[in-house]
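A quick write-up on the structure given underneath.
The values are calculated or read from the model by the stated rules, or taken from the named source; none is laboratory data. Fair warning: this is a prediction, and the values are worked out from it, not measured in the lab. Neighbour counts are summed over all protein chains in view; Cβ atoms, including those assigned to glycine, are modelled from backbone coordinates with ideal geometry.
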Amino acid sequence: MKRRSFVKNSALSLGAIPVVSNPFSKEEKQTKSKSFNMKFGPHTGMFKHHAGTDPIDELKFMADQGFSAFEDNWMSKRDVALQEKMGKEMDRLGITMGVFVAHKIYWKEANLASGDEAYLTEFLGYIKEAVDVSKRCNAKWMTVVPGHLDLGKMMGYQTANVVDALKRACEILEPHELTMVLEPLNFRDHPGLFLSKSPQAYEICKAVDSPSCKILFDIYHQQIQEGNLIPNIEACWNEIAYFQIGDNPGRKEPTTGEINYKNVFQMIHDKGFRGVMGMEHGNSRDGKEGELAVIQAYREVDAT
């Protein structure tokens, strides 16, 4: 529902670990430290068969494979001490922290679209808490999903309610130079939500008129919802702060579905985007083999 250029190699030191305990084959070692040209951001669990489930070890593995970003939807749910520890480790590794979800999302009932003062107060409380989370983990972007449609109100009134809520949130975020990114979600996976299309997100961002309110263009969701990816990205380019990735059908890594990610990524890169590309998808295959397949897929579609 993010712009920003630093890619650094951070190789893990294997020290005196015996060769037999090294999980990488000779072929894997050959690409182990190669950086990607784009700032692809994996999430926790994506490489658990290689890195385990400790977030710090996962970050080290990601950096070692050439990834220079990371995203964690549920960062705000982690212990404060772990948020700070992860922030320090990302800083050490040269990894940019991507989005985390800033608030409670209402999937089945109207909240921001309703104009209800209690929902607005709750939302703004979450945004205030998200500022503290951002400081701990060096985040600059947070995901916002305005929630379900209010079926008892005309769309114009709902839009006005959402715009008002987002303007109030920007008053909290602007002094900290933080950005909430609005994520339109597709009708198939998330029926009935208020925000579903990129032109609608563009209209709202223009109405809010703040550097703290931009678009998260999730390529998977928008392939399903509207297609026409490259023209739609170009049309709302100056309001996009962040991208997320997933092929369709299946919501797995690029090259497993119908989206020509090589062309889409090259267009985004050629237009000068150097921000985070969040890898919000599953792995098409299980185990270490599946994890290596994800890395190889991104090698194939990375911009040049």
If I filter region 212-233 for residues that are surrounded by fewer than 19 Cβ atoms within 10 Å (Cβ to Cβ), farther than 23 Å from residue 262 by Cβ and either touching a Ser or Thr at 6+ places or on another chain (Cβ under 7 Å) or modelled with pLDDT under 95 (or both), do I get at least one hit? no
Which residue pairs have Cβ atoms closer than 7 Å, lie 6 or more positions apart in sequence or on different chains, and pair a first residue in region 112-125 that is at positive phi with a second residue that is at pLDDT 95 or above and part of a helix (DSSP H, G or I)? 115/161
Reported set for region 275-297 where residues are outside any helix (DSSP H, G or I) and either under 18 Å from the mean Cα position of the chain (by Cα) or buried (at least 17 other Cβ atoms within 10 Å of the Cβ) (or both) is 275, 276, 277, 278, 279, 280, 281, 282, 283, 284
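Tell me the residue from 215, 230, 268, 204 that is within 28 Å of residue 111 (Cα to Cα) and in a helix (DSSP H, G or I), please. Reasoning before the result, please.
Details: 215 fails: in a helix (DSSP H, G or I); 230 fails: within 28 Å of residue 111 (Cα to Cα); 268 fails: within 28 Å of residue 111 (Cα to Cα).
Just one listed residue meets the conditions, 204.
In this structure, is residue 71 out of contact with any Lys or Arg (no Cβ under 8 Å at 6 or more places or on another chain) and either on the phi < 0 side of the Ramachandran plot or modelled with pLDDT of 95 or more (or both)? Spell out how you get there, then give the answer.
On the way: out of contact with any Lys or Arg (no Cβ under 8 Å at 6 or more places or on another chain): yes; either on the phi < 0 side of the Ramachandran plot or modelled with pLDDT of 95 or more (or both): yes.
When the stated conditions are applied, residue 71 passes them.
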So in region 96-118, with the set limited to residues that are acidic (Asp, Glu) and out of contact with any His (no Cβ under 6 Å at 6 or more places or on another chain), which one is farthest from residue 184 (Cα to Cα)? 117
